[in-house]
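One structure is given below, encoded as structure tokens.
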Amino acid sequence: MTSFSEQLKIATWLQHEKLEQLPFGNHLAKGTLPLKGYISQLQAYYLIHRELEQACRSHSILQLSMIWREELVKTPLLKADLEDLGAECLEEMPAAQGLINLIKKSQPIELIGILYVFEGSIMGAAVMHPTVCQAYQLSEKGARYFKGYGSQTRSKWNTFKKNFDKVLENDIINQPVVIASAQQTFEQVAILFAALWDNLQS
Ligand code: HEM
């Protein structure tokens, strides 16, 4: 039987492929994105993860509390990377607003879909980590977020998916809600990537 996490992957994989084909994602993955673009992604992600982490902490529904863990936080990594790169943690950024609004208006169950997308993206980040380090001449500093959980990235993702499936496997009422939320998140990440790319051109 296909697990719910596999169904979700299938339901969003085309959107994932599109992200990789957008100029921003494509240059990032090839190591040809200007440093300014890399920094702007970290700045946007800092605001997005800060909002997501606050939202996950503030809701106490059972399903979310079984999936959300403090060890999933990414803001300290993003903050440290920005400091290493001599860049600011911005307090607002128009390009990130779509995702921030999505998080703000999400019900706790919908937050699980958003969490899936950003936690899963660590799998891709870890694959791109060596390219990012080479492109910007970084080692540990400045590339903490992209390093993900290092050699434990896949096992952590498997644990996340196991909890995720345990919570949602038989919940046919909430499954479509989580799928729709993950799809909206991918849609908003595409909008973010397009905006960050446009900013680089101006
Ligand atoms: C821009 C270049 C990107 C590349 C090259 C990339 C690449 C990858 C790779 C190699 C995987 C692992 C696939 C596997 O072994 O199962 C992955 C997984 C994933 N990525 Fe990306 N990724 C990119 C961007 C993103 C972004 C921006 C997001 C969302 C914010 C994202 C969300 C995900 C998710 C949710 C998964 C897990 C899919 C699953 O197993 O259910 N990716 N990515």
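The values are calculated or read from the model by the stated rules, or taken from the named source; none is laboratory data. The structure presented is a predicted model; accordingly, all values stated were derived computationally and were not measured. Neighbour counts are summed over all protein chains in view; Cβ atoms, including those assigned to glycine, are modelled from backbone coordinates with ideal geometry. These area figures cover heavy atoms from the full protein model, side chains too; ligands, DNA and RNA do not enter into them. Shrake-Rupley method; radii C 1.70, N 1.55, O 1.52, S 1.80 Å.
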Query - Residue of Ser65, Ser106, Ser151 that the Gaussian network model of the chain assigns the largest fluctuation, springs spanning Cα pairs under 10 Å - result: Ser151
Report summary line: Heavy-atom accessible area of the chain with neighbours in place, 1.4 angstrom probe: carbon+sulfur share in percent works out to 54 percent
Report summary line: Once the in-chain neighbours fewer than 8 apart are removed, the aspartates and glutamates whose Cα is under 14 Å from Lys147 read Asp81, Glu119
Report summary line: Heavy-atom accessible area with a 1.4 angstrom probe orders Cys89, Cys133, most exposed first, as Cys89, Cys133
**Report entry** Computed over segment 1-70, Kirkwood Rh from alpha-carbon pairs, angstrom
**Finding:** 14.9 Å
Query raised in the report: Where in the chain are the DSSP H helices whose alpha-carbon span along the long axis reaches 15 Å or more and whose Kyte-Doolittle mean is at least 0.5?
Result: 108-136, 175-201
**Report entry** Rounded if a/c under 1.5, otherwise prolate or oblate - segment 74-171, Cα gyration tensor axes
**Finding:** oblate
**Report entry** Helix-only [θ]222 nm of the chain, DSSP H runs n ≥ 4, -39500 (n - 2.57) each, per residue, nearest 500
**Finding:** -24500 deg cm²/dmol
**Report entry** Solvent exposure of segment 4-201 as accessible area per residue, Å², 1.4 Å probe
**Finding:** 49 Å²
Report summary line: Stokes-Einstein D for segment 2-117 (10 °C, 1.306 mPa s, Kirkwood Rh from Cα pairs), in µm²/s, comes to 101 µm²/s
Report task. Find the relative contact order for the chain and round it to a whole percent, using C-alpha pairs within less than 8 Å whose residues are 6+ positions apart. Result -> 36 percent
Query raised in the report: Most mobile of Gln137, Gln107, Gln63 per a Gaussian network model of the chain (Cα springs, under 10 Å)?
Result: Gln137
Query raised in the report: Between Asn163 and Arg57, what is the label-to-label distance in nm when each label sits 7 Å out along the Cα-to-Cβ direction?
Result: 1.6 nm
Query - Anisotropy class of segment 43-106 from Cα gyration tensor, a/c 1.5 cut - result: oblate
**Report entry** Alpha-carbon Debye profile of segment 4-201, log10 I(q)/I(0) at 0.09, 0.16 Å⁻¹
**Finding:** -0.31, -1.04
**Report entry** Relative contact order [Cα under 8 Å, 6+ residues apart], segment 94-202, whole percent
**Finding:** 45 percent
